[in-house]
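Note sheet for the following structure.
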């Protein structure tokens, strides 16, 4: 089997896993990987730069939440990825350098929490600085890939404007990482259940800001609530509010409205109940943020 065949299968397999698990994937799934022509192909291993036996060049790179390397987002729409160790000619560093020369795409796994990774692909190594022991990496659009029987590379027809295009999609990725990191941390604090109704299906849960981003609300767990999609919308539209003491209130006109069982069980019965807060004190909603948001609710209800 060729490196290109395995790489394309990995991209297709990741697309399927994202559809199944959402954008953030568990380590166990990535390590399990897939079977291809009688060979088992994992997507990750403990070293951050990973080349499965079936590939000629590295298939993925990984940043761990508590890892030893200083991998970070640059301010110019790029990521800096640390060498493995301090030897520029370590085989893993040589492999990434060769991927850069051949313009071979990889997968980047960004650790958001221990054991949970946002997968981004295709990424390209676009720079190498042995003096600083770092590679420069950028995300690109999958439409730029050129598939042949023996290789998968960046299409030469997309070379014009590649840097600006990559900067744009990489900046978009950085925003997604910010949003998904907030969601993962909030859902972990609330044990993956809605703070209003205790629904436990992750696919139906959001991380709601108490004090909005647009008003300088910090992306920290005490400024977040894990809410199912119904209650997130209700919270944002001021159908429900949460007092600083954690008591939930439902707007009076909603309480007076006559409708079916969804309104009754989904909203009305929440009135005067208690918010389900995280176990850890440091993760619980900031009372000042709740007060800020509650005053908005009071104004909205008239």
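Here are a few things to note about the model shown:
- Against the criterion of being within 19 Å of residue 187 (Cβ to Cβ) and surrounded by 15 or more Cβ atoms within 10 Å (Cβ to Cβ), residue 250 does not qualify.
- Of the set (1) farther than 26 Å from residue 169 by Cα; (2) surrounded by fewer than 19 Cβ atoms within 10 Å (Cβ to Cβ); (3) touching a residue at least 24 places away in the same chain (Cβ under 8 Å), all apply to residue 64 but (1).
- Per this entry, residue 207 is counted among residues that are crowded, with 17+ Cβ neighbours inside 10 Å, at negative phi, free of Cβ contacts under 8 Å to residues at least 40 places away in the same chain and outside any helix (DSSP H, G or I).
- Within the range 253-276, the residues that satisfy the criterion of being assigned to a loop (DSSP other than H, G, I, E, B), out of contact with any helix residue (DSSP H, G or I) (no Cβ under 8 Å at 6 or more places or on another chain) and closer than 23 Å to residue 190 by Cα are 272, 273, 275, 276.
- Looking only at residues in the range 290-302 that are free of Cβ contacts under 8 Å to residues at least 12 places away in the same chain and in a helix (DSSP H, G or I), the one that is surrounded by the fewest Cβ atoms within 10 Å (Cβ to Cβ) is 299.
- Qualifying positions in the range 277-289 - surrounded by 15 or more Cβ atoms within 10 Å (Cβ to Cβ) and in a helix (DSSP H, G or I): 283, 289
- Hits in the range 210-231 - residues which are surrounded by 21 or more Cβ atoms within 10 Å (Cβ to Cβ), under 21 Å from residue 116 (Cβ atoms) and touching a strand residue (DSSP E or B) at 6+ places or on another chain (Cβ under 8 Å): 223, 224, 225, 226, 227, 228
- Tally, over the range 1-16, of residues that are free of Cβ contacts under 8 Å to residues at least 40 places away in the same chain and within 19 Å of residue 118 (Cα to Cα): 5
Conditions tested, residue by residue: (1) at pLDDT 95 or above; (2) closer than 19 Å to residue 286 by Cα.
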{"position": "167", "(1), (2)": "no, no"}
{"position": "173", "(1), (2)": "no, no"}
{"position": "177", "(1), (2)": "no, no"}
{"position": "195", "(1), (2)": "yes, yes"}
{"position": "206", "(1), (2)": "yes, yes"}
{"position": "210", "(1), (2)": "yes, yes"}
{"position": "213", "(1), (2)": "no, yes"}
{"position": "217", "(1), (2)": "no, yes"}
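- Residue count for the range 1-15, restricted to those that are touching a strand residue (DSSP E or B) at 6+ places or on another chain (Cβ under 7 Å) and within 14 Å of residue 51 (Cα to Cα): 4
The values are calculated or read from the model by the stated rules, or taken from the named source; none is laboratory data. Everything quoted here is computed from the prediction, not taken from an experiment. Neighbour counts are summed over all protein chains in view; Cβ atoms, including those assigned to glycine, are modelled from backbone coordinates with ideal geometry.
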